[in-house]
Amino acid sequence: MTTEIAPAQDLPQIKGVKDVPYEELFVSGHRTCQGCESALVMRHMVKASGPRTIVLGSTGCMYVANTTYYTTPWVVPWMHTQLGAAGSAALGTAAGLKVLMRKGKLKNEKINVIAFCGDGGGADMGIGAISATLTHKEYNCLVLLYDNESYANTDIQLSSQTPYGAVTTFSPTGTSKRLMHTRWKKNVPGMLAAGHPESRYIAAGCAAYAVDLMNKIRKALELGGPTFVHTLDPCPKGWDYHPQYSQELGHLAVECGIWPLYEVVDGVCNLTGPTRQIAEGRKKRKPVFEYLKRQGRFAHFIDEDVEHFQAQVDKMWTDWLIPGVIPFTVPAKDQAILKIDKKTKPLHEEAKTA
Amino acid sequence: MAVEVKTKETSEVETEQLATGCEAIAEAIRLADVDVMAAYPIRPYDGVMQAAAKLIANGKMDVEYIVADGEHSQFEIVKHACAVGSRVFVGSSGVGWFYAFEAIAVTAGLRLPVVAICGNRALDDPGAFGTEHNDSLAVRDLGWLLPWAETAQEALDLALMAWRVGEDKRVSLPVAIGLDGAFLTHSQHIVKIPTQAAVDRFLPKFDLGDRLLHPDNPITIAPQVDQDWLMEIRRQNDAAMRSALDVITEAHADFKKIFGRGGDSPFLDEYMTEDAEVVVIGQGTLSLPMKVAIRRLRKERGLKIGLVRLKWFRPFPTADVVKSLSRFKAVGVIDRDYSFGSPYYGGVLYNEIRSALYSQPKRPTIVGFIAGLGGREIEQPMATEIFEKTIAASEGGVAAGDVCHWIGVRE
């Protein structure tokens with residue numbers, strides 16, 4: 001009754017592009033748009049996790065455009081789950097495998113369980129179930145939230161992840177209202193990391209930093225228990241830019257400090273990639289205008305809107321307890337005792353020296 | 001919890017104990033070696049989760065017991081556990097059942113044999129705890145098998161039947177057992193608890209075969225099919241529901257052989273119908289006050305009346321219902337539910353029964369009754385009124401527009 005199940009497969013950290021597995025487990029057959037970064041996240045995700053993986057896919061682009069009968073791109077076993085059910089799907093699958101292995105009804109082996117959801121499914125409808133799952137430390141499962149900042153599958157409607165002021169079909173710009181959408185983007189990975197102390201791994205990544213992302217997936221699966229990875233995925237259709245610039249926009253989101261890359265490992269927060277360099281003052285944060293001006297969804301912005309956007313992003317870096325992660329302002333006298341641990345190296349640097 | 005009045009071996013296949021409907025279901029969960037169950041509180045169904053939790057805490061069974069963050073998660077969790085080969089159990093009541101509705105719908109679409117109880121409860125608003133069948137009945141068109149229990153014993157027996165029938169490859173559909181809130185979920189009966197050996201003879205191991213989600217069997221479950229394939233897939237669900245009638249009949253025969261219980265028909269339970277001219281039909285625990293009324297009215301007035309209790313609402317045993325009810329002059333259908341704006345403003349069961357009998361050359365007069373809503377007791381004067389109205393209809397016929405009556409309601 002108490003047989004211990006090993007947390008996951010042996011998934012060493014990838015040292016560089018040449019070390020990435022050749023094997024493709026997400027292949028042709030999908031109907032996603034040109035330049036779709038979310039599809040790239042799917043590819044990196046299963047490349048990192050390997051073939052002994054079960055993937056649960058919540059409704060969204062990566063279901064409807066991605067997984068069509070008779071032309072499924074998934075080489076690994078895959079199952080649909082409901083829009084708000086990624087957390088529950090991960091939990092139920094992990095619990096089923098665990099008990100069947102314990103009772104000897106299934107061979108006892110390491111099987112990765114990954115449930116993915118979009119920003120609509122994960123940050124809006126399914127946040128409660130993901131939160132619940134992250135408290136069930138006895139089950140090994142990863143929830144991956146691919147965030148293209150709108151309900152992109154249903155015609156680009158705004159979600160709680162749509163950035164301030166962006167045009168969507170639910171927030172058009174008009175003659176009477178320039179900005180229909182004035183809510184600031186919900187800080188999902190920061191909130192989940194702060195609220196679920198027993199989750200061993202919560203990270204924010206971006207497919208533009210592919211090795212960093214694959215290593216985050218691997219680390220999540222390797223550490224085991226319920227874990228969470230949030231990726232920011234530039235979306236040519238929803239963000240209104242030419243498909244060839246997806247990678248570039250991913251880089252810009254990070255370099256402008258809008259989308260910080262980090263991981264929280266057993267309660268220790270590491271900024272990774274350019275985010276760390278910015279935090280350490282080794283790299284200058286680019287103005288957000290560099291990012292905004294490349295996208296049609298911000299074409300209606302006037303100076304005032306850009307300034308507001310810049311001020312909000314600046315605050316993430318100057319006022320937050322942990323830049324871009326934990327959004328509290330603390331009294332000046334407490335700043336010194338509340339700095340993050342700068343001794344920990346970013347992931348890609350660890351990889352270089354190993 | 002059950003007060004164990006006696007645990008003597010009454011036979012090689014069972015022991016006896018005092019148990020509520022919920023506790024009886026918990027015993028069935030233990031005997032079926034369920035792998036995963038998910039709980040969330042709402043009265044009255046949650047008595048079964050409390051009873052099961054105690055069995056687990058006391059080492060009586062090994063089940064992955066997940067306390068979910070809501071009914072939607074509850075039903076999603078077991079659905080996905082089922083897809084990797086777990087035998088599962090779940091349940092809810094009233095508006096909780098509706099909170100899970102999306103997950104309930106897809107579970108049938110996925111053909112995953114989840115077994116649930118619906119502790120029947122009135123839907124909010126306004127708030128009420130008592131029995132009404134509209135929660136279970138809301139899923140009647142989706143592909144769930146829907147049996148209703150009368151006693152705690154039948155609750156246990158139907159649960160064992162549910163896994164056997166639902167998991168059968170010819171069916172592979174979810175089952176939701178209706179348990180009348182309070183009247184059955186929380187009243188104690190003497191229940192015969194089968195031995196493990198006897199249950200093992202009746203209930204085979206759960207095997208999803210080539211539909212198992214596993215890295216050794218890398219299938220894609222429920223991809224987007226659109227208009228290309230959806231109709232063919234719906235037709236397969238229809239075929240599964242049709243075969244369920246035979247599978248239930250088979251399982252019922254085996255159940256009787258092993259446990260010696262279950263009555264003559266798997267679908268109908270008839271009471272004093274042999275010489276009856278007029279009967280009433282209904283589901284669940286309303287049979288109890290109706291049986292008392294039948295005995296009393298037969299004795300006091302010599303009325304030739306009886307009761308037919310429907311045990312399975314889905315699949316609807318059309319042939320059995322037609323064969324049984326065609327023998328009588330008039331049938332009163334008692335609905336513990338409502339269907340506002342339906343034909344003749346009748347309940348759900350009323351219109352199902354009428355529809356089943358429509359094409360018969362010889363058919364009884366049908367009268368509808370809405371009674372006992374919100375857990376209101378069906379008292380003897382109400383039962384008498386139901387029979388009087390049905391008998392009157394058998395004598396003089398009924399005019400359209402006067403065929404459905406609300407019983408015991410203050411106007």
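The values are calculated or read from the model by the stated rules, or taken from the named source; none is laboratory data. Given the structure is predicted, the values throughout are model-derived calculations rather than measurements. Here the Cβ is made from the backbone with ideal geometry for all residues, glycine too, and neighbour counts use every protein chain on show.
Below is a table of values for the structure above.
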{"item": "Tally of residues being among the polar types (S, T, N, Q), surrounded by 24 or more Cβ atoms within 10 Å (Cβ to Cβ) and over 22 Å from residue A:123 (Cβ atoms) across the stretch A:39-74", "result": "2"}
{"item": "Candidates B:179, B:203 - the one that is under 30 Å from residue B:376 (Cβ atoms) and modelled with pLDDT of 95 or more", "result": "B:179"}
{"item": "From the options A:284, A:343, A:352, residue that is modelled with pLDDT under 70 and in a loop (DSSP other than H, G, I, E, B)", "result": "A:343"}
{"item": "Residue among B:183, B:206 that is within 14 Å of chain A (Cβ to nearest Cβ), under 23 Å from the mean Cα position of the chain (by Cα) and not charged (D, E, K, R)", "result": "B:206"}
{"item": "Enumeration of residues in the stretch B:124-178 that are within 12 Å of the chain's Cα centre (by Cα), of a type in the set (Val, Ile, Thr) and more than 19 Å from residue B:75 (Cβ to Cβ)", "result": "B:151"}
{"item": "Any chance residue B:253 is assigned to a helix (DSSP H, G or I), under 24 Å from the mean Cα position of the chain (by Cα) and over 30 Å from residue A:112 (Cβ atoms)", "result": "yes"}
{"item": "The listed residue being within 14 Å of another protein chain (Cβ to nearest Cβ), at positive phi and without any contact (Cβ under 8 Å) to a residue 12 or more places away in the chain, out of B:226, B:216", "result": "B:226"}
{"item": "Candidates B:201, B:234, B:242, filtered to the one that is in a helix (DSSP H, G or I) and free of Cβ contacts under 8 Å to residues at least 40 places away in the same chain", "result": "B:234"}
{"item": "Hits in the stretch B:365-379 - residues which are among the aliphatic types (A, V, I, L, M) and farther than 16 Å from residue B:44 by Cβ", "result": "B:366, B:367, B:370, B:371, B:378"}
{"item": "Residue in the stretch B:90-105 that is at the interface with another protein chain (Cβ under 9 Å from one of its Cβ atoms), assigned to a loop (DSSP other than H, G, I, E, B) and over 28 Å from residue B:183 (Cβ atoms) present", "result": "no"}
{"item": "Boolean, residue B:276 is over 18 Å from residue B:172 (Cα atoms), away from chain A (no Cβ under 14 Å) and of a type in the set (Gly, Ala, Ser)", "result": "yes"}
{"item": "Unmet criterion (only one of (1) under 19 Å from residue A:193 (Cβ atoms); (2) within 9 Å of another protein chain (Cβ to nearest Cβ); (3) touching a Lys or Arg at 6+ places or on another chain (Cβ under 6 Å)) for residue A:161", "result": "(2)"}
{"item": "Scan of the stretch B:308-327 for residues that are under 17 Å from the mean Cα position of the chain (by Cα) and hydroxyl-bearing (Ser, Thr, Tyr), ordered by number", "result": "B:318"}
{"item": "Any hit, the stretch A:135-158, residues being in a helix (DSSP H, G or I) and facing chain B (nearest Cβ under 9 Å)", "result": "no"}
{"item": "Complete set of residues in the stretch A:15-38 that are aliphatic (A, V, I, L, M) and either buried (at least 20 other Cβ atoms within 10 Å of the Cβ) or closer than 24 Å to residue A:204 by Cβ (or both)", "result": "A:17, A:20, A:25"}
{"item": "Matching residues in the stretch B:79-106 - criterion: being under 24 Å from residue B:21 (Cβ atoms) and among the charged types (D, E, K, R)", "result": "B:87"}
{"item": "Sole residue being buried (at least 24 other Cβ atoms within 10 Å of the Cβ), modelled with pLDDT of 95 or more and among the polar types (S, T, N, Q), chosen from B:185, B:151", "result": "B:185"}
{"item": "Test result for residue B:136, touching a residue at least 24 places away in the same chain (Cβ under 8 Å) and closer than 27 Å to residue B:254 by Cβ", "result": "yes"}
{"item": "Residue that is nearest to the other protein chains (Cβ to nearest Cβ) [pool: residues in the stretch A:124-134 that are among the aliphatic types (A, V, I, L, M) and either under 14 Å from the mean Cα position of the chain (by Cα) or surrounded by 24 or more Cβ atoms within 10 Å (Cβ to Cβ) (or both)]", "result": "A:129"}
{"item": "Residue list for the stretch A:297-340, restricted to those being modelled with pLDDT of 90 or more, loosely packed, with under 12 Cβ neighbours inside 10 Å and not in a helix (DSSP H, G or I)", "result": "A:299, A:302"}
{"item": "Helices (runs of 4 or more DSSP H) (entirely within the stretch B:5-89) containing at least 2 residues that are within 24 Å of residue B:209 (Cα to Cα) and within 8 Å of chain A (Cβ to nearest Cβ)", "result": "B:71-83"}
{"item": "Per-region count, the stretch B:344-371, residues touching a residue at least 24 places away in the same chain (Cβ under 8 Å) and in a loop (DSSP other than H, G, I, E, B)", "result": "7"}
{"item": "Strands (runs of 3 or more DSSP E) (entirely within the stretch B:260-330) containing at least 3 residues that are closer than 22 Å to residue B:244 by Cα and modelled with pLDDT of 95 or more", "result": "B:268-271, B:305-310, B:312-314"}
{"item": "Within the stretch A:6-123, strands (runs of 3 or more DSSP E) holding 1 or more residues that are more than 9 Å from every other protein chain (Cβ to nearest Cβ)", "result": "A:53-58, A:112-118"}
{"item": "Filter result for residue B:169 (at pLDDT 95 or above, outside any helix (DSSP H, G or I) and surrounded by fewer than 17 Cβ atoms within 10 Å (Cβ to Cβ))", "result": "yes"}
{"item": "Subset of the stretch A:219-273 that is touching a Ser or Thr at 6+ places or on another chain (Cβ under 6 Å) and assigned to a loop (DSSP other than H, G, I, E, B) - its residue that is nearest to residue A:172 (Cα to Cα)", "result": "A:234"}
{"item": "Qualifying residue in the stretch B:189-197 (condition: outside any helix (DSSP H, G or I), among the charged types (D, E, K, R) and without any contact (Cβ under 8 Å) to a residue 24 or more places away in the chain)", "result": "no"}
{"item": "Options B:374, B:341: the member that is assigned to a loop (DSSP other than H, G, I, E, B) and at positive phi", "result": "B:341"}
{"item": "Hits in the stretch B:108-126 (condition: within 14 Å of another protein chain (Cβ to nearest Cβ) and touching an Asp or Glu at 6+ places or on another chain (Cβ under 9 Å))", "result": "B:113"}
{"item": "Count of the stretch B:167-189 residues which are touching a helix residue (DSSP H, G or I) at 6+ places or on another chain (Cβ under 9 Å) and more than 18 Å from residue B:288 (Cα to Cα)", "result": "10"}
{"item": "Number of positions in the stretch B:220-257 that are surrounded by fewer than 16 Cβ atoms within 10 Å (Cβ to Cβ) and aliphatic (A, V, I, L, M)", "result": "6"}
